[in-house]
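Novice: One structure, pasted below without further comment.
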Amino acid sequence: MSDQRIICGPFAIDVVAELATKNGEPLLVGHRGVALLATLFRRPGEVLTKTELMDAAWAGLAVEESNLSVQIAALRKALGRSPTGGDWIVTVPRVGYRFVSPSSSASPARNEQPSIAVLPFVNLSSDPEQAFFADGLAEEIIVALGKLPGLVVIARNSSFAYRGGDVDVRKVGNDLDVHYVLSGSVRRGGNRLRMSAQLADAENGAHVWAETFDRELADVFVIQDEVTRRIVDVLKVKLTPAQTAQAATGGTNDIEALDLLMRARAFLSGPTQNVEVYKRATGLVRRAIERDPSYVDAMGTLALAHNLDYLNRWSDDPDRSLMEAKRLGDRMVELAPDHAGGHFESAITAMFARDFDRFRREAAIVVALNPDAEIASNLQGQVCLVDEVPLEAIPHFERAMRLNPSLGTTLLHLQLLGMAYFFAGRFETAAALFRERIQLMPNTDWSRGYLASALGHLGRTEEARQVWAELMAINPKYVMAERLTRRGDQPRQIEMVLDGARKAGLPV
């Protein structure tokens, strides 16, 4: 391959003539399409950010991101299907695109499993405070459906982005890559509850099922179970009796406990993450658990908050938070052995504590319980990092981002994806991903530490020092070696990060 002629599988590009071919036949893609393909072909199998691709096709011009989407759609049509039946150009939600390596047989085709997004239910009550209750009903249905193998369920933070106004279910289906969309409304008054739910085919917008429930408020949890069963029947998801029963585990029959948990989750999923948010969220969840001591889903949220405290050092005793998260994970597993959330929390705390044998065992249980869940893909990627096969982690993190392309989850997986490329020695791609995360989360010290190291490995010392200066302005107490030991990375991986910083002359 030369700078003038690029060959990638059945494709070739003559850069000078601005000509792209497939098996020798010209492709009608235009000069911007050729520029995009040339950039993708030079790094097959790697994630390229939207910024990189737009710079390649519109160098020096200020254009809308929609222009890139239009070009990518046209390229996909021109290139046809890959040998595995999927697109040659794969979307990495909120980040960019990746050209499938011709030598790889792991190209993910468009999801063919039954898949669903549950939108936030509209609050029709006169009290706007009841919006938390409406969200709680939708959330509980998401949680119940998410426990069922064979069904892909988009996470709350992604589907709840479509709040308010008239929602085009076809757009939701296209944005989130799902076949069905559930929407509904809730009216709560006194001891009565009226809930309407509609399941629509995301391809054409047609309703495939709709029902209204007018019941006593105490029947709210029975209604949730009925809606779940209706959806399973309509989507023809085949379940064993044990799997059907599993959908009901982990919840509560206490309406106020549900309200408290929903308020806590709203805090933890918000754009601001600090010690005050941590205290308010944990206070709410503890009240929910006091009302229902067997509320496993609430314990999972509390464990998540404690793990965040351990990583971010918000409280005066973050190590105690890690111990508390471990205790909660163990309790969740004790109360509900088939609840994937308990094993997920146990896996994460084991990784932080560097108990890698338990981490692998718990991760394997999560995947076995529901391989279609976002947390399963997350853990599969993390196991690859722990086992020091970082390139194998990439498709798992990409799938997790597709299942939950919300901003909060994308920020996490952008970091993990960048780390996977970094540990594989793909420093250019890693740096681009860390920069993308910094754009979305300007106050991150985590990404800046890795970016400075990647730039050090690339010999871009001045850039590395500038990034380090920004990091010090954000967190003057940051010590790279100390931060790297919190997450559970392997010694060789930690040394790679420290070595890149040393090459740039940075303190470690």
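The values are calculated or read from the model by the stated rules, or taken from the named source; none is laboratory data. All of these numbers come straight from a predicted model, not from anything done at the bench. No Cβ is skipped: glycine too gets one built from the backbone with ideal geometry, and neighbour counts run over all protein chains shown.
Novice: Residues in region 479-489: is at least one over 28 Å from the mean Cα position of the chain (by Cα) and assigned to a helix (DSSP H, G or I)?
Specialist: no
Novice: Provide a single number: the residues in region 7-19 that are within 18 Å of SER82 (Cβ to Cβ) and either without any contact (Cβ under 8 Å) to a residue 24 or more places away in the chain or assigned to a strand (DSSP E or B) (or both).
Specialist: 5
Novice: Restricting attention to region 147-178, which residues are outside any loop (DSSP other than H, G, I, E, B) and at pLDDT 80 or above?
Specialist: Within region 147-178, VAL152, VAL153, VAL169, ARG170, LYS171, VAL172, GLY173 meet the criteria.
Novice: Here's something else I'd like to know. Got at least one residue in region 441-459 being closer than 30 Å to VAL178 by Cα and either at pLDDT below 95 or not in a helix (DSSP H, G or I) (or both)?
Specialist: Yes, that holds for at least one residue.
Novice: Give the number of residues within region 132-146 that are at pLDDT below 75 and closer than 17 Å to VAL232 by Cα.
Specialist: First, the residues of region 132-146 that are at pLDDT below 75: 132.
Those still in the list that are closer than 17 Å to VAL232 by Cα too: none.
Matching residues across region 132-146 total 0.
Novice: When you go through (1) small (Gly, Ala, Ser); (2) at pLDDT 90 or above; (3) under 19 Å from GLU140 (Cβ atoms) one by one for ALA200, which number turns out not to apply?
Specialist: (3)
Novice: Further question on the same structure: Can you tell me which residue is surrounded by the most Cβ atoms within 10 Å (Cβ to Cβ) among those in region 287-318 that are part of a helix (DSSP H, G or I) and over 26 Å from the mean Cα position of the chain (by Cα)? Let's see the steps before the verdict.
Specialist: Here is the first cut: in region 287-318, the ones part of a helix (DSSP H, G or I) are 287-291, 296-312, 318.
Filter once more, so that each one left must be over 26 Å from the mean Cα position of the chain (by Cα): 287-291.
On the way: ARG287: 17, ALA288: 25, ILE289: 21, GLU290: 12, ARG291: 18.
This residue is ALA288.
Novice: Would you pick out the residues in region 231-253 that are over 28 Å from THR409 (Cβ atoms) and either in contact with a Pro (Cβ under 6 Å, 6 or more places away or on another chain) or at pLDDT 65 or above (or both)?
Specialist: Across region 231-253, the qualifying residues are ASP233, LYS236, LYS238, ASN253.
Novice: Just to be sure before I move on: is ALA266 more than 19 Å from VAL333 (Cβ to Cβ), among the aliphatic types (A, V, I, L, M), assigned to a helix (DSSP H, G or I) and touching an Asp or Glu at 6+ places or on another chain (Cβ under 9 Å) in the structure I sent?
Specialist: Criteria met by ALA266.
Novice: Same structure again: Can you tell me which of ALA353, ALA364 is assigned by TED's automatic domain parsing to the domain that holds LEU302, of a type in the set (A, V, I, L, M, F, W, C) and over 22 Å from HIS306 (Cα atoms)?
Specialist: ALA364
Novice: Please find, within region 431-453, the residue that is surrounded by the fewest Cβ atoms within 10 Å (Cβ to Cβ) out of those that are in contact with an Asp or Glu (Cβ under 8 Å, 6 or more places away or on another chain) and not basic (Lys, Arg). Before the answer, list the steps.
Specialist: In the first step, residues of region 431-453 are kept if they are in contact with an Asp or Glu (Cβ under 8 Å, 6 or more places away or on another chain); the result is 432, 448, 453.
Cutting the leftovers down to not basic (Lys, Arg) gives us 432, 453.
Numbers: ALA432: 24, SER453: 31.
If we take residues in region 431-453 being in contact with an Asp or Glu (Cβ under 8 Å, 6 or more places away or on another chain) and not basic (Lys, Arg), then ALA432 is surrounded by the fewest Cβ atoms within 10 Å (Cβ to Cβ).
Novice: What are the pairs, 6+ residues apart or on separate chains, where a residue within region 213-228 that is at positive phi and assigned by TED's automatic domain parsing to the domain that holds ILE255 has its Cβ under 7 Å from a residue that is assigned to a helix (DSSP H, G or I) and surrounded by 15 or more Cβ atoms within 10 Å (Cβ to Cβ)?
Specialist: none
Novice: Of all helices (runs of 4 or more DSSP H) completely enclosed by region 325-430, which ones contain at least 3 residues that are surrounded by fewer than 21 Cβ atoms within 10 Å (Cβ to Cβ), out of contact with any Leu (no Cβ under 9 Å at 6 or more places or on another chain) and basic (Lys, Arg)?
Specialist: Because the criterion is at least 3 residues that are surrounded by fewer than 21 Cβ atoms within 10 Å (Cβ to Cβ), out of contact with any Leu (no Cβ under 9 Å at 6 or more places or on another chain) and basic (Lys, Arg), the helices (runs of 4 or more DSSP H) in region 325-430 that meet it are 356-369.
Novice: Shifting gears a bit: Quick check on my filter: what residues within region 42-74 are hydrophobic (A, V, I, L, M, F, W, C) and more than 26 Å from the chain's Cα centre (by Cα)?
Specialist: Residues of region 42-74 hydrophobic (A, V, I, L, M, F, W, C): 47-48, 53-54, 56-59, 61-63, 68, 70, 72-74.
The answer is ALA56, ALA57, TRP58, ALA59, LEU61, ALA62, VAL63, ALA74.
Novice: Applying the selection to region 467-484, what residues are surrounded by 13 or more Cβ atoms within 10 Å (Cβ to Cβ) and of a type outside the set (A, V, I, L, M, F, W, C)?
Specialist: Result: GLU470, ASN475, TYR478, ARG483.
Novice: Collect the residues in region 116-146 that are assigned to a helix (DSSP H, G or I), of a type in the set (Val, Ile, Thr) and in contact with a strand residue (DSSP E or B) (Cβ under 8 Å, 6 or more places away or on another chain), keeping them in residue-number order. Can you show your working first?
Specialist: Restricting attention to region 116-146, the residues satisfying the condition of being assigned to a helix (DSSP H, G or I) are 128-146.
Still in the list and also of a type in the set (Val, Ile, Thr): 141-143.
Across region 116-146, the qualifying residues are ILE141, ILE142.
Novice: List the pairs whose first member sits in region 479-491 and is assigned by TED's automatic domain parsing to the domain that holds MET419, whose second member is β-branched (Val, Ile, Thr) and surrounded by 15 or more Cβ atoms within 10 Å (Cβ to Cβ), and whose Cβ atoms are under 6 Å apart, counting only residues at least 6 apart or on separate chains?
Specialist: Correct list of pairs: MET480/VAL508; ALA481/VAL508; LEU484/ILE494; LEU484/VAL497.
Novice: Now for a different question. Counting only residues that are free of Cβ contacts under 8 Å to residues at least 40 places away in the same chain and in contact with a strand residue (DSSP E or B) (Cβ under 7 Å, 6 or more places away or on another chain), give me the helices (runs of 4 or more DSSP H) lying completely in region 21-90 with at least 2 of them. Reasoning before the result, please.
Specialist: Numbers: elements: 30-42, 50-57, 65-79.
It comes to 30-42, 65-79.
Novice: Tally time: how many residues in region 457-479 are of a type in the set (A, V, I, L, M, F, W, C) and under 21 Å from ARG426 (Cβ atoms)?
Specialist: Restricting attention to region 457-479, the residues satisfying the condition of being of a type in the set (A, V, I, L, M, F, W, C) are 458, 464, 467-469, 471-474, 479.
In the following step, the residues that additionally are under 21 Å from ARG426 (Cβ atoms) were identified as 458, 464, 467.
Adding up the residues that qualify gives 3.
Novice: OK, next. Just the residues that are in contact (Cβ under 8 Å) with a residue 40 or more places away in the chain and more than 8 Å from the chain's Cα centre (by Cα), please, taken from region 371-397.
Specialist: Within region 371-397, the first condition is being in contact (Cβ under 8 Å) with a residue 40 or more places away in the chain, and the residues that meet it are 371-374, 385-386, 388, 394-395.
Across region 371-397, the qualifying residues are PRO371, ASP372, ALA373, LEU385, VAL386, GLU388, ILE394, PRO395.
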